[in-house]
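See structure below.
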Amino acid sequence: MLEDFDQISVELNVRFSERPMSPIMAILEMATMRQAAGEDIVAFVTGEPDFDTPVHVKEAAIAAIHAGQTKYTSVHGTLELREAVRQKFIHDQGVDYAIDQICVGAGAKQLLFNALSVTLSEGDEVVVPTPVWGSYGAMVKIAGGIPVKVPARAEDGFLVQPEDLERAITDRTRWLMINSPNNPTGAVYGRQDLEGLAEVLRRHPKVMVLSDEMYEKIIFDDKKFVSFVEAAPDLVGRILLVNGVSKAYAMTGWRVGYGAGPADLVSAMAALQSQSTTNPCSISQAATIAALTGPQDILAEQCAEYQSRRNMVVDRIRAMPGLSCQAPAGAFYLFASMAGLVGKSAGEHTINTDLDFVRYMLDVAKVAIVPGAPFGAEHHFRMSFAASQSELSKGLDRMAAAIANLN
Ligand SMILES: Cc1ncc(COP(=O)(O)O)c(C=O)c1O
């Protein structure tokens, strides 16, 4: 029996000692447990479209299974997929990458992880404009690096300013990790914003740019997405673009991300991946080709729907006393301040921190949202509006009622 064995405590390597479990997953787990126990919890937690994967994409996957595309492929994917990615970058970004500059992994997350793992040595620094998606800091640390937070202030529309970037760069800086449209703030960098940052980077030729463009296709008010390579084509040799199908085509579970960058970096990333997961799932690759090369009208339809939800959520949150927010220009998150509720209480709940607020919402309003602290922004919370309008309305009604009970 299991009890008869000695239990040893497993020694984790020093880089993993913090056990960087995603706090978003932790909250989701809490909400799921309570739902399983019969509680009616409305969850606005995960970064995942509520739409279904398009039918033609699913059909391409089924056809691939029947055609026997069920074997290993090249590490960075089939040539057909890499060609589809190449065409995507020509079409959308106007950059013609060679096939050996294109990388494909099991989600954009794997590509970010690969890039950091093959480039960072112990103590190297990575500049992360903050608020920031928590996985950046965790991945940098696991790779032996040090995340250096640089403020992307609310008063600047959550966009990092060139002078702050300049101040953050040292001799140890290897990367700037930039994400537009941004998770969690929804900020979108325009051409001039990126040109300002590029100007700083030209003075620091050793610093590379990891441009995470995952939410490229979710952008509002007819704003045009500008990639870092479009704003600074002369820096193309030190930019790694990272993108994927998870958010644009509602394909989070298929696990395919793609990117492009310098061939030697891409080849090192392939070497690492070849010793870990090898290629992304062959069937998901076939689905991704269909997503990238098939009809694209679904993108505009989904964007219009997200925009109408955003408008509703922004209006409702702004009408709640103690909360305030900017309207996100892209992605599907609202990043709001709850600073106006600090010091208020109801029953056993006193609100001092964003975590207190999130607990109050979960316990009393039965609404699951994410605190700002894991994104490096206290007194904030993130709520995803990748949920139906009726679900959003229900959750917002409950939030308003719970806030009205605070004294
Ligand atoms: C900014 C950002 N980059 C990358 C990812 C990862 O996407 P994938 O599903 O392709 O791993 C996410 C997912 O939440 C994200 O928010």
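Any read-out appearing in this document is the output of simple, stated calculations on the displayed coordinates, not a laboratory observation. What you are looking at is a predicted structure, and each value in this text was computed from that prediction instead of being measured. Every residue, glycine as well, gets a Cβ built from its backbone with ideal geometry; the counts of neighbours run over all protein chains shown.
How charged is the neighbourhood of ALA152? Take every other residue with its Cβ under 11 Å from the Cβ of ALA152, and add Lys/Arg as +1 and Asp/Glu as -1.
-2
Tell me, ILE169, ILE178 in order of fewest to most beta-carbon neighbours within 10 Å?
Going from least to most buried by this count: ILE169, ILE178.
Output needed: percent of Cα pairs per 5 Å distance bin for region 70-293, bins running from 0 to the one holding the longest distance.
1, 7, 16, 20, 21, 17, 11, 5, 1, 0, 0
Pull up the DSSP beta bridges for region 70-293 and report the antiparallel fraction as a percent, rounded to 5.
30 percent
If I fit a long axis through the Cα atoms of helix 282-293 and take the longest principal axis of the Cα atoms of the chain, what angle between them do I get, 0 to 90°, rounded to 10?
So the helix axis and the longest Cα principal axis differ by about 90 degrees.
When the helix-only estimate is applied to the chain (DSSP H runs of n ≥ 4, each -39,500 (n - 2.57), divided by the residue count), what is the mean residue ellipticity at 222 nm, nearest 500 deg cm²/dmol?
For the chain, the value works out to -11500 deg cm²/dmol.
Kindly list the residues of region 364-394 that lie in the label zone of VAL55, defined by a backbone N under 17 Å from the point 7 Å along the Cα-to-C-beta vector.
None, by backbone N distance to the label point.
As I understand it, the value is the acute angle between the Cα axis of helix 23-36 and the longest principal axis of the Cα atoms of the chain; what does it come to in degrees, rounded to 10?
60 degrees
Taking the number of other C-beta atoms within 10 Å as the exposure measure, put HIS380, HIS76 in order starting with the fewest.
HIS380, HIS76
Over the alpha-carbon set of region 298-407, divide Rg by the Kirkwood Rh and report the Rg/Rh ratio to two decimals.
Ratio of gyration radius to Kirkwood radius: 0.97.
Based on the mean of other beta carbon atoms within 10 Å per residue, what is the order of 351-360, 126-135, most packed first?
126-135, 351-360
Averaging over all projection directions, find the projected area of the Cα convex hull of the chain and quote it in nm² with one decimal place.
Quarter of the Cα hull surface area: 22.6 nm².
Compare PRO321, PRO151, PRO162 in a GNM of the chain, Cα atoms joined below 10 Å, and give the one with the largest fluctuation.
Greatest mean-square fluctuation among the candidates belongs to PRO321.
Would you mind calculating the relative contact order of the chain from Cα pairs under 8 angstrom and at least 6 residues apart, reporting the percent as a whole number?
22 percent
Would you calculate the separation in nanometres between label points at SER121 and ALA67, each defined as 7 Å from the Cα along the Cα-to-beta-carbon direction?
4.6 nm
Looking at the chain only, what percent of DSSP beta bridges run antiparallel? Nearest 5 please.
So the antiparallel bridges amount to about 50 percent of the total.
Counting other C-beta atoms within 10 Å, and keeping those with at most 14, which DSSP coil trypsin sites (Lys or Arg not before Pro) do you find in region 59-88?
LYS71
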